[in-house]
């Protein structure tokens, strides 16, 4: 998951992307450290065409505030430029997978 810290760059990625996941966290969050590689693996294995970014809320409070992220970890899902779902704190990988599955298949249908 690539780190991103520029508001305009993130806004551009959201607007031009078909499917995008943004993972908000900090280096000091132990739950976040365990969850992040699992989310990356899920995307790689099940949703390879999704783009993902990591935002460290300590290093970029502007991005966190702009997206109303006040707790970590928080995952935002965007499809075709619009926020589709938001997961915060206690995040189930199974629920995340189910939430991504239908819109992903609709947006990336071949």
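Every number in this text was worked out from the coordinates using simple rules, so none of it is lab data. Quick caveat: nothing in here was measured; it's all calculated off a predicted structure. Neighbour counts are summed over all protein chains in view; Cβ atoms, including those assigned to glycine, are modelled from backbone coordinates with ideal geometry.
In table form, for the structure just shown:
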item	result
Additional length obtainable on full extension of the chain from residue 95 to residue 27, 0.36 nm per residue less Cα span	22.1 nm
Residues 70, 87, 78, 108 arranged by fewest to most Cβ contacts within 10 Å	70, 108, 87, 78
At 1.567 mPa s and 4 °C, Stokes D of the chain from Kirkwood alpha-carbon radius, µm² per second	93 µm²/s
DSSP beta bridge pairing in the chain, given as percent antiparallel to the nearest 5	60 percent
Within the chain, helix-based [θ] at 222 nm, where runs of 4 or more DSSP H residues each add -39,500 (n - 2.57), nearest 500	-13500 deg cm²/dmol
Simple label model, 7 Å out from Cα along Cβ direction - residue 2 to residue 62, nm	1.9 nm
